[in-house]
Amino acid sequence: MGKEVKVAVFMGPGKGFEIQNIEIPEPRGREILVKVEACTLCGSDIHTYKGRRAGAVPGALGHEICGRIEQFGDQASRNDYSQIKLKKSDRITWLLYSFEKSDPLSKKGFPQKSKTMFKYGHELITANNTFHTGFAEYIMLRPGTTIHKVGNSISSELASTLNCGLATCFAAKRVADLKSKDSRAAVVGSGLLGLYMVAILKQHGLDHITAVDVDPERLNKAKSYGADELILFDDIEHAQFDLVFEMSGRQEAMQKALQMLDIGGRLILVGGTYTQPDIQLNGEQLIRNLNTITGIHNYIPDDLQNAVDFLNSCYNLYPFEGLVEKKFPLKDVDLAFEYAEENRPIRVAVCPDE
């Protein structure tokens, strides 16, 4: 296209980002060029930035993204995942990764683990492979990436949280296999994942939802998202739940979550996607209590579509817009990360046009 645009390239822990001006290519074949409107900082981004999680260097961070279609490749689909017509300037989100349906793991129902998977905001940035980060003015969507049109009722900053946080919560709901006899659920962790999970369970109609966190201020937020009971983490003693969703990723929280299960209770582990100590299991306890433990990492396209539909229909029922607490321009991407590390907001956003 002959046009240079700004791309923030991650140079490694302690080095931060380098803003580079790079010529943007024409989209080819099934590619779609998207103008980035916002990218929120996922917890995994912050762990990588600070060196607590391995990441590609020089590489891409930023995968919670919302943008508008700039240009279609000549073979790109003009329909989104739910067959809504697409056109230039439509606001969209998209799958966290691209994949091939023919991959053996895709056929087994795990496209997010397929050998052909390419994950936005996680890979090396090279001279020939640049535009796959949300911390840039533009991003190039690859073949095998499902596209999901976003409604106009929500901000682009909030819409950015769809294709990681909220979609992952719907994956957790799917594998939890909610049953009519489930009456008591606990959500451990009141960050973005936890607050979304509480709202999802409330909309599903569960009788009693308990939010758990170490931080009283974060815990109090859960009330506005549908929590019936708030418990500080250190105050939990032999609580019995049909379902426990562990969203914080902390080793001690996963350990305690095992003790919170009632007979037949299920534990869904979601948050622990960075290096940490092992947890201990008592086999007899699991057997005698008929407990089930399931891990979920990322999600499948249906989960993202369910997330889009949920936010479009429920955006005014909960204070979702308050989840993104501060915005930064692209030139201040390092400041955004330092702010997030020091202040622990639910989310901050980087917006190229800010």
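The values are calculated or read from the model by the stated rules, or taken from the named source; none is laboratory data. Fair warning: this is a prediction, and the values are worked out from it, not measured in the lab. Here Cβ is always computed from backbone atoms with ideal geometry, including for glycine, and neighbour counts include all displayed protein chains. These area figures cover heavy atoms from the full protein model, side chains too; ligands, DNA and RNA do not enter into them. Shrake-Rupley method; radii C 1.70, N 1.55, O 1.52, S 1.80 Å.
Quick look at the values:
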read-out	value
Residue selected from segment 267-294 under the condition β-branched (Val, Ile, Thr) and part of a loop (DSSP other than H, G, I, E, B), by the criterion farthest from GLY165 (Cα to Cα)	ILE279
Segment 241-258 residues that are free of Cβ contacts under 8 Å to residues at least 60 places away in the same chain, paired with ones that are open to solvent by 10 Å² or more (accessible area, probe 1.4 Å) and part of a helix (DSSP H, G or I) (beta carbon under 7 Å, 6 or more apart)	GLU246/MET254
Index of the failed condition, ARG30 passing every other in (1) in a strand (DSSP E or B); (2) open to solvent by 60 Å² or more (accessible area, probe 1.4 Å); (3) in contact with a Gly (Cβ under 6 Å, 6 or more places away or on another chain)	(1)
Residue match in segment 69-78 (condition: closer than 23 Å to LEU124 by Cα and assigned to a strand (DSSP E or B))	no
Residues of segment 62-99 satisfying the condition of being open to solvent by less than 50 Å² (accessible area, probe 1.4 Å) and of a type in the set (Ser, Thr, Tyr)	THR93, TYR97, SER98
Counted residues, segment 156-183 - those being open to solvent by 20 Å² or more (accessible area, probe 1.4 Å) and either at pLDDT below 95 or out of contact with any Asp or Glu (no Cβ under 6 Å at 6 or more places or on another chain) (or both)	10
Every residue from segment 247-257 that is over 18 Å from LEU195 (Cβ atoms), surrounded by fewer than 21 Cβ atoms within 10 Å (Cβ to Cβ) and not acidic (Asp, Glu)	GLN251, GLN255, LYS256
Every residue from segment 193-246 that is crowded, with 17+ Cβ neighbours inside 10 Å and either in contact with a Cys (Cβ under 8 Å, 6 or more places away or on another chain) or of a type in the set (Ser, Thr, Tyr) (or both)	LEU193, TYR196, MET197, ALA199, ILE200, THR210, TYR225
Hits in segment 83-116 - residues which are under 30 Å from ASN152 (Cα atoms) and touching a Gly at 6+ places or on another chain (Cβ under 6 Å)	SER98, PHE99
Options ILE46, ILE65, ILE24, ILE69: the member that is in contact with a Cys (Cβ under 8 Å, 6 or more places away or on another chain) and β-branched (Val, Ile, Thr)	ILE65
Qualifying positions in segment 33-56 - more than 18 Å from MET247 (Cβ to Cβ) and open to solvent by less than 10 Å² (accessible area, probe 1.4 Å)	LEU33, VAL34, VAL36, ALA38, CYS39, THR48
Every pair of residues 6+ apart whose Cβ atoms lie under 6 Å, when the first sits in segment 325-340 and is modelled with pLDDT of 95 or more while the second is crowded, with 19+ Cβ neighbours inside 10 Å and part of a helix (DSSP H, G or I)	PHE328/ALA336; PHE337/TYR49; ALA340/ILE46
Selection within segment 69-105 - in contact with a Leu (Cβ under 7 Å, 6 or more places away or on another chain) and under 19 Å from SER160 (Cα atoms)	ILE69, GLU70, ASP80, THR93, TRP94, LEU95
Sole residue being over 24 Å from the mean Cα position of the chain (by Cα), of a type in the set (Val, Ile, Thr) and open to solvent by 60 Å² or more (accessible area, probe 1.4 Å), chosen from ILE263, ILE293	ILE263
Residue list for segment 266-299, restricted to those being out of contact with any strand residue (DSSP E or B) (no Cβ under 7 Å at 6 or more places or on another chain) and among the hydrophobic types (A, V, I, L, M, F, W, C)	ILE279, LEU281, LEU286, ILE287
